[in-house]
Amino acid sequence: MKGMKAAVLRSPGDLAIEDVKEPERPKGGALIRVDACAICPTDIKMARRGQRDLAYPRVLGHEVVGTVVDIDGGEAAVGDRVQVWPGICCGTCRSCLKGQDNMCSSQGIIGFNYDGGFAQYMAVPPGNLRQGGVNVLSKDVPSELASLAEPLACCVHGRDMARTGEGDMVLIFGAGPMGLMSTAVAKAAGGVPIVVEPSAERRAAAEAMGAARTLDPGEDDISAALRDLGGADVAVLASAQADIGDGLLRLMTPRGRVCVFSGLPKDASSRTLDLNQLHYRELSLVGAYGCTSTSNREAVRLISSGAVDLRPLISRTLPLEELEYGFRLIESRKALKCVVTKF
């Protein structure tokens, strides 16, 4: 039996680097040697508190780049370096047939209910491969950079749900990694990103990612600033602390779109809204959850072409044995993205 190192979560609070059996290539799927796997805050949440879609024991990690060792189908070949979309879907339900595979009726997720990329090897199931979830990378794209394609794809999906386009004034709440990537995506789409963030360091990061202006919610009058700019065409709530209320709706231009991008705590997920604002001013309130295989491929294209530069977001690369250290860096806000690159 071939063995490998993997970060195995057996229950909330019980995460350890262990020697486990190397996975086999499933029929219709692929086996990859992992080259890079970025840490997502959801990984940390699962390790600390669990998560509704999580099954134990589980190898975490869903922001994965690797080299194909064996493959049965798809367009990639043995030896290709690939980025992996984390979705697993049936391909036949109404959502899948409409290109909405992030809403698959029998959806699975690598790193949640299927072993992920904090390991030396990872199996890719057929429900991913047949959907085009394995994306071949060009040689000039570093693996650690390509590992950010999945979170970038979530921002691309948010862009598409909010119909962000040329000339749109895009108000982004939060300058964590997702807010910063949303800033880069909005700018690449021809929008004008305005970022609201209390941290001066992260406001500077937003400006480096292309924000036309940043606002401190503790110091700046956001309503006045938006009035001077003529209102926001799009608002992206990339922080669980961002408020959705009538005040936000009044900041929107006619036919403005508000995108609920970040999930909210259960005890803070209810709001009372004046629906007449939506009616008379033709506003749209949309959600954005995860990413489709299509938005994932677009994210790979954006990174590969240089249309977005995510290098400033990688605070540290580290070996698998220091995964917990990476978790703590992100929890303490001392890092934006940490990527495991040594297995």
Judged on accessible area alone, 1.4 Å probe, highest first, GLU197, GLU219 line up as GLU219, GLU197
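For the chain, which semi-axes, largest first and in whole Å, follow from the square roots of 5 times the eigenvalues of its Cα gyration tensor? Intermediate values should be presented prior to the final figure.
Working: eigenvalues 243, 88, 72 Å².
Square roots of five times the eigenvalues give 35, 21, 19 Å.
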Which whole-percent values make up P(r) of region 185-268 when all C-alpha to C-alpha distances are grouped in 5 Å steps starting at zero?
3, 13, 23, 28, 22, 9, 2, 0
So what are the radius of gyration and Dmax for the Cα set of region 30-89, in Å?
13.4, 38
Kirkwood Rh (inverse of mean 1/r, distinct Cα pairs), region 114-172, angstrom:
14.4
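Per 0.36 nm of contour for each residue apart, how much would the distance between SER223 and ARG130 grow if the chain were fully extended, relative to their Cα-Cα spacing? Walk me through the intermediate numbers first.
Numbers: separation 93, 0.36 × 93 = 33.48 nm, distance 4.74 nm.
Going from the current span to full extension adds 28.7 nm.
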With every protein chain in place, the accessible area of LYS21 for a 1.4 Å probe, in Å² rounded to the nearest 10, comes to 120
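For the chain, what proportion of DSSP beta bridges, expressed in % and rounded to the nearest 5, is antiparallel?
55
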The chain: DSSP helices with Cα axial extent of at least 15 Å and average Kyte-Doolittle hydropathy no lower than -0.5:
149-161, 177-188, 293-305
Students often get this wrong, so check it: of LYS5/LYS139; LYS21/LYS45; LYS5/LYS334; LYS5/LYS342, which have C-alpha atoms separated by over 22 Å?
LYS5/LYS139; LYS21/LYS45; LYS5/LYS334
Suppose the chain between GLN100 and HIS279 were pulled fully straight at 0.36 nm per residue; how much longer would it get relative to their current alpha carbon spacing?
61.7 nm
Assigning unit charges at the beta carbon (Lys, Arg +1; Asp, Glu -1) and nothing else, what dipole magnitude in debye, to the nearest 20, does the chain show about its Cα centre?
480
Between GLU324 and ALA55, what is the FRET efficiency for a Förster distance of 30 Å, r being their Cβ-Cβ separation, to the nearest 0.05?
0.90
Give the lysines whose C-alpha is closer than 22 Å to that of LYS187, dropping any in the same chain fewer than 8 places away, or say none.
LYS337
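Ordering LEU145, LEU97, LEU229 from largest to smallest accessible area (1.4 angstrom probe), what's the sequence?
Values: LEU145 20, LEU97 125, LEU229 65 Å².
Largest to smallest exposure gives the sequence LEU97, LEU229, LEU145.
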Whole percent per 5 Å bin, from 0 to the bin with the longest distance: what is P(r) over all C-alpha pairs of region 198-327?
2, 8, 12, 16, 19, 18, 13, 7, 3, 2, 0, 0
Enter the accessible area of HIS279 (Å², nearest 10), with the probe set to 1.4 Å and all protein chains included.
120
Two-decimal Rg/Rh of region 18-132 from alpha-carbon positions, Kirkwood Rh?
0.96
Farthest toward the dipole's positive end in the chain, which of GLY74, SER182, ALA146, given Cβ charges of +1 (Lys, Arg) and -1 (Asp, Glu) about the Cα centre?
GLY74
Could you order PHE261, PHE343 by accessible surface area, starting with the largest, using a probe radius of 1.4 Å?
PHE343, PHE261
In nm, to one decimal, how far is the modelled label at ALA200 from the one at TYR289, with both set 7 Å along Cα→Cβ?
4.1
Sum up the charges of everything whose Cβ sits under 12 Å from the Cβ of MET209, counting Lys and Arg as +1 and Asp and Glu as -1, but leave MET209 out.
+1
At 1.4 Å probe size, what's the solvent-accessible area of MET161? Round to the nearest 10 Å².
80
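The values are calculated or read from the model by the stated rules, or taken from the named source; none is laboratory data. Since the model is a prediction, treat every value here as computed from it, not as a measurement. No Cβ is skipped: glycine too gets one built from the backbone with ideal geometry, and neighbour counts run over all protein chains shown. For the accessible areas, the whole protein counts, side chains as well, though only heavy atoms, and no ligand, DNA or RNA atoms are used. Shrake-Rupley method; radii C 1.70, N 1.55, O 1.52, S 1.80 Å.
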